[in-house]
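Peer 1: Can you keep this structure in mind? I'll have questions shortly.
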Amino acid sequence: MKITKSFKHAFNMVRHSKLRSWLTIIGIVIGVAAVIAIVSLGEGMQEAVNSRMSGLGGDIVTITPGASHGGEMFAMRGGGDRGSGASQAAGNTATLTRTDVQVLRGMPDIAMIDTNIRGTVNVSYLGKSGKVSMTGVDQRVWSQITTSKIKAGRMLDPADQNVVVIGGRLASSYFSQPLGINKMFSIEGKAFRVVGVLDDQSTSIDMPIAMASQVIPDKSTDVYDTIVVKVKDQNQLNDTIINIQAKLMTARHVSEKNMDFSITSNKQMQETMAQTIGSMSAFLAAIAAVSLIVGAIGIANTMFTSVLEKTKEIGIMKAIGARNRDILMIFLIKAALIGLIGGILGVILGAVLSGSMASLIGNMPIARGGGIAIVSLNSVLMALFVSSGAGIIAGIVPAYQASKLKPVDALRYE
Amino acid sequence: MKKRAEFQGEAILRLQDVWKIYKMGAVDVPALRGVSLDIKQGDFVAITGASGSGKSTMMNLMGCLDIPSRGHIYLKSRDISTLSESDLASFRGRTIGFVFQQYNLIPSMSAFENVLLPLEFLEYSDRDAARRAKEILDIVGLGERMHHCPAQLSGGQQQRVSIARSLAGNPEIILADEPSGALDSVTGKKIMELLSKLWKEEGKTIIMITHELNLAKYAHTIVELKDGQIMRIHENREIIK
């Protein structure tokens, strides 16, 4: 029998046992939809992270005092120069000083160095006040090292003193009235002029480090919360990090065991996050795949019932010339069809589900600012391949059983 | 039209010391015991006997639906025991057409699709298969009802569809198991006349299994079975006349 005819008979069998077929198909739909939703969400999150992190500068290395903390990478904000200061907050007494900067300046593979201090300050403007985070930056290099974009005004200049660059939200809606370029406002009781507004949604303030050390409480000069380094050759990033670590360890008289500083790069963070999201997605997809297995067992069950129900017809077909492989093909195609239809509907449901889940978790920091569910062609093809494959695997034994029925026994079956 | 005298030629189906033994637990129950029979091409053979005489077993063996426990069955000189399952299925499909007592049509298919089915197994082209199916349904007088499902047809019409299906692949042998057994006498007679016509006009070899002696009068050769053995083979003098 030609394959097109086997397909026709298989399709008719599915059509004539509507309820049972649909119930089986629903099992596959649920499994495929769950896998698609999770995989597309995972891919979307990966994409979102990649696009956000790629704007952070792959040639930026951040040095912070204290041993490394796993949570630091999540504390990153918009700029590559905004490494975490959480190490000190954790109670670590180690500090980064001018000496460390001197050591770094002597390294040939470093292009420029920005020193930062960070703290929370009281601000007020036209009667409205609040607390925001502020970063003191080396204004001589900051504009070249930061990945933040300016929306209005300008970046800090080497000659700047009592001026600041503020985040987009602080400028637009934090106070009762917008805080625009050249407007004066108060930080810890001192007046500062806004020279630039960043193209982001933060409430941050960036000002020259010398001025910041006077404004932020408990900060002394020449002690930094982070040192941000721009390397000369991004391709040599890992080697440069190793060199920096070696130099600083020597200068600070520490070994790897008691190292009191940590070095992170955006590239490393990007890789680590991608890995974490990938593993998480794979784990969740594996759980979802269990329901696909349950669906496949449903197909096997339906196929066994179908073979029993069609035993007499199999006998008739064999009597009038059907070969074993004709019967095998009809039943295998039927199983594959159930899997395929379930797969197609599952992909559609999965896409809808992942879209809804994406909007539900859209407020998560990692998801903000992008459509985070991506139903890729690969995952769709994979889902259809797996669902049809599951159907075929589940249908092999019943179909084989059907093909091996003796015509004389099958004809006698009532 | 082929001449009936041709059936005096070579045996199209030969049973040689055929035994069929069924296992019922630890007990062996012989259904056929050393049956030998030659069926000539173009003959109309009625195999008669009481219930339990081995008629159905003989039909299954002659139709190549089963293989003997002992002995040999030659269909067109080929020993069916030596054929693989697939080869036997193809050979059966090309050589034998079945007419069952309970029609055995596929209920979800129309009369036309039922007749088309054996042609699909024989891999006819779509056009040839459709033309052949229509032609045969016209021959059995069901051209007008070809798109009806079995449930929408009377018993006699269903049996005619079954005969049409048996003829579809143009087999040399029609094997009919109690073809009028489920029909009233008038319809049954029409079916028998149809089979008789196929024998006389198409030159088919007809093998009919029946327990009704009055149906045997349509056949040329009558084989009487009793307790799994052939008691008598005789020619129907009436039909020869």
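The values are calculated or read from the model by the stated rules, or taken from the named source; none is laboratory data. What you see is a predicted model; the values in this text were computed from it and never measured. With ideal geometry, Cβ positions are generated from the backbone for all residues, glycine too; neighbour counts draw on all protein chains shown.
Peer 1: Got at least one residue in the range A:130-141 being outside any helix (DSSP H, G or I) and modelled with pLDDT under 90?
Peer 2: Within the range A:130-141, none of the residues are outside any helix (DSSP H, G or I) and modelled with pLDDT under 90.
Peer 1: Does the range A:316-328 contain any residue that is more than 14 Å from every other protein chain (Cβ to nearest Cβ) and in a helix (DSSP H, G or I)?
Peer 2: Taking every residue of the range A:316-328 in turn, none turns out to be more than 14 Å from every other protein chain (Cβ to nearest Cβ) and in a helix (DSSP H, G or I).
Peer 1: For the range A:4-40, give me the residue count where each residue is farther than 15 Å from residue A:289 by Cα, surrounded by 21 or more Cβ atoms within 10 Å (Cβ to Cβ) and more than 14 Å from chain B (Cβ to nearest Cβ).
Peer 2: Of the residues in the range A:4-40, 2 are farther than 15 Å from residue A:289 by Cα, surrounded by 21 or more Cβ atoms within 10 Å (Cβ to Cβ) and more than 14 Å from chain B (Cβ to nearest Cβ).
Peer 1: Residue B:45 - would you say it is more than 26 Å from residue B:196 (Cα to Cα) and not charged (D, E, K, R)?
Peer 2: The answer is no for residue B:45.
Peer 1: On the given criteria, is residue B:139 at pLDDT below 90, more than 10 Å from chain A (Cβ to nearest Cβ) and closer than 19 Å to residue B:173 by Cα?
Peer 2: Criteria met by residue B:139.
Peer 1: Return the residues of the range A:121-171 that are among the charged types (D, E, K, R) and touching a residue at least 60 places away in the same chain (Cβ under 8 Å); say none if nothing qualifies.
Peer 2: Within the range A:121-171, A:138 is the sole residue that qualifies.
Peer 1: Pick from the range B:155-213 the residues that are charged (D, E, K, R), over 22 Å from residue B:90 (Cα atoms) and surrounded by 20 or more Cβ atoms within 10 Å (Cβ to Cβ): which of them is modelled with the lowest pLDDT?
Peer 2: Here the residue is B:178.
Peer 1: For residue B:174, are the conditions met, namely being away from every other protein chain (no Cβ under 12 Å) and farther than 22 Å from residue A:414 by Cα?
Peer 2: It is true that residue B:174 is away from every other protein chain (no Cβ under 12 Å) and farther than 22 Å from residue A:414 by Cα.
Peer 1: How many of the residues in the range A:174-185 are loosely packed, with under 15 Cβ neighbours inside 10 Å, out of contact with any Leu (no Cβ under 9 Å at 6 or more places or on another chain) and in contact (Cβ under 8 Å) with a residue 40 or more places away in the chain?
Peer 2: 0
Peer 1: In the range B:81-97, how many are in contact (Cβ under 8 Å) with a residue 60 or more places away in the chain and hydrophobic (A, V, I, L, M, F, W, C)?
Peer 2: Total meeting the criteria: 1.
Peer 1: For the range B:87-99, which residues satisfy the criterion of being facing chain A (nearest Cβ under 8 Å) and surrounded by fewer than 23 Cβ atoms within 10 Å (Cβ to Cβ)?
Peer 2: B:90, B:94
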